[in-house]
Amino acid sequence: MVERQKYKYTRKTSLKNGITLIVTENRTADIIAGKIFCRQAGSLWEESQQAGVFHLLACVMPKGTKNLSALEIAEKVESIGAALGMEATGDYSLLSLKTITEDFPSVLSLAAEIIRYPSFPPEEISLEKTLTIQNILSQREQPFNVVFQQLREMIYGRHPYSYSILGTEETVTSLTETDLQLYHQKSFRPSHLVISIAGNIDLETATAMVEEVFGDWQNPNTPSLERKKYPFQPHSDSKHISQATQQTIIMMGYLAPEMTHADYPVFKLLTSYLGNGLSSRLFVELREKRGLAYDVSAFYPTRLDKSLFVAYIGTAPQNAKIAQEALHGEIKRLREVCLSEEEITLAKNKLLGQYALGKQTNAEFAFLFGWYETMGLGIEYDALFPQLISAVTAEDINRVANEYLRDEYLCLSTIGSI
């Protein structure tokens with residue numbers, strides 16, 4: 001161990017092989033939750049012709065190791081009432097586990113075997129490919145997913161964020177066992193792991209357990225995956241999918257800052273004000289007052305690379321034109337009018353209240369601290385984030401809106417009758 005620091009009830013250390021370990025001690029219940037993040041194991045590191053490989057990896061890795069079959073893994077987990085699952089995102093892969101304190105060492109050992117020694121059984125690969133393709137086809141029948149996919153393609157171009165984490169029907173079909181082995185070898189290594197544990201355990205005990213199952217794992221000499229750089233050029237674009245539907249969906253999107261950017265907290269507050277909940281500006285103005293929306297909101301995904309800001313509305317086809325103008329008018333208002341102190345205060349209280357409510361369970365603590373560390377902000381960001389939100393001013397929101405949410409940067413994606 002070469003590093004150790006204390007942060008509230010959460011402490012961090014590093015193992016000799018490069019694994020980062022974060023422990024949040026919480027003695028209120030005899031439960032331990034763990035989140036094992038793997039950096040450089042998301043779609044951001046995929047080649048376009050192998051889109052979806054990390055999602056397939058996350059599906060297949062828990063389905064067999066050099067010592068255990070899929071059935072044996074499932075029996076080990078279920079026999080003690082534990083929970084274990086794996087997923088991939090655009091920026092990382094994540095293995096989650098939860099169990100009572102007594103069973104944590106055995107579940108952690110099982111998680112280590114899944115991460116270190118997956119066997120990639122051909123029959124499991126075939127099954128998961130079939131299920132993934134069915135999921136992709138299902139998404140094509142969901143208007144919201146269709147219009148959002150079109151918007152991402154307009155904003156991101158050839159960037160990996162432009163496609164679904166599932167990949168495409170063509171790329172998933174072509175993925176092979178060799179592809180999975182190669183991506184696993186290049187991505188899943190000690191220096192890429194962030195292990196975040198929360199519950200009835202202290203740092204010293206957790207460190208000993210992690211050393212037991214991961215300590216002999218050495219980083220390979222082979223290079224890891226390289227992240228390609230894609231030039232971003234915000235631009236205006238508009239596409240429509242003509243489809244006979246009961247409602248028209250209109251999405252307006254803009255390229256937005258990544259999580260580590262100084263404007264990230266400003267965008268978080270702006271998004272909360274505009275589209276978070278029944279008291280949000282869009283809901284009150286476009287649904288409650290004007291009756292234009294079946295559904296209306298805004299969202300701003302957290303991303304390691306450039307993100308996107310989206311405002312959308314689902315409306316009756318006969319109201320499509322006026323709803324589009326009204327939605328654009330609310331974005332325009334952000335550029336032209338500074339929010340009042342009351343509006344700013346309400347948005348801050350709502351955002352910070354929800355942030356506090358999102359830290360109640362061991363699983364939530366384990367995820368949050370591990371996520372901040374994986375995204376490059378460190379566990380200290382938990383205390384810093386509320387301070388940054390509290391410091392945002394109406395002028396900050398107006399500046400950000402004028403810098404990013406300009407008409408010449410607007411990408412418009414619609415589906416239905418216009």
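Any read-out appearing in this document is the output of simple, stated calculations on the displayed coordinates, not a laboratory observation. Just so it is clear, the model here is predicted, and its values are computed rather than measured. Every residue, glycine as well, gets a Cβ built from its backbone with ideal geometry; the counts of neighbours run over all protein chains shown.
DSSP finds beta bridges in the range 237-416, and of those with both partners inside it, around 75 percent are antiparallel. Along the chain, the exposed loop sites are GluC sites (Glu not before Pro) outside DSSP states H, G, I, E and B with at most 14 other Cβ atoms within 10 Å, and the longest stretch free of them is 227-418.
Over all projection directions, the Cα-based convex hull of the chain averages an area of 20.9 nm².
Counting only alpha carbon atoms, the long axis of helix 177-187 and the longest principal axis of the chain meet at about 90°. Restriction of the trypsin sites (Lys or Arg not before Pro) in the range 54-94 to DSSP coil positions whose beta-carbon has at most 11 other beta-carbons within 10 angstrom yields Lys66. Compared with the dominant principal axis of the Cα atoms in the chain, helix 394-404 is inclined by about 90°.
Across the range 130-146, rounded Karplus estimates of 3J(HN,Hα) from the backbone phi angles (6.51 cos²θ - 1.76 cosθ + 1.60, θ = phi - 60°) give 4, 5, 5, 5, 4, 5, 4, 5, 5, 5, 5, 9, 9, x, 4, 5, 5 Hz, Gly and Pro being marked x. When the listed pairs Lys35/Lys229; Lys66/Lys129; Lys228/Lys268; Lys186/Lys359; Lys35/Lys348 are checked against a 31 Å cut-off, the alpha-carbon distance exceeds it for Lys186/Lys359.
The trypsin sites (Lys or Arg not before Pro) of the range 316-418 that meet both conditions, a loop assignment by DSSP and at most 15 other Cβ atoms within 10 Å of the site Cβ, are Lys359, Arg406. Sorted largest first, the principal axis extents computed over the alpha-carbon atoms of the range 24-81 equal 47, 30, 15 Å.
Taking the square roots of 5 times each eigenvalue of the Cα gyration tensor of the range 4-214, largest first, gives ellipsoid semi-axes of 32, 20, 16 Å.
With both bridge residues required to lie in the chain, what share of the DSSP beta bridges run antiparallel, to the nearest 5%? Kindly include the intermediate steps, with their values, before the conclusion.
Numbers: 52 of 64 bridges.
Counting DSSP beta bridges with both partners in the chain, the antiparallel share is about 80 percent.
Estimated from helical segments only, the mean residue ellipticity of the chain at 222 nm is -13000 deg cm²/dmol, where each DSSP H run of four or more residues counts as -39500 (n - 2.57).
Karplus-based coupling profile of the range 348-363, in residue order and whole Hz: 5, 4, 5, 5, 6, x, 5, 4, 5, 5, x, 10, 10, 9, 4, 4, with θ = phi - 60° in 6.51 cos²θ - 1.76 cosθ + 1.60 and x standing for Gly or Pro. Between 0 and 90 degrees, the angle of helix 104-116 with respect to the longest Cα principal axis of the chain falls at about 80 degrees.
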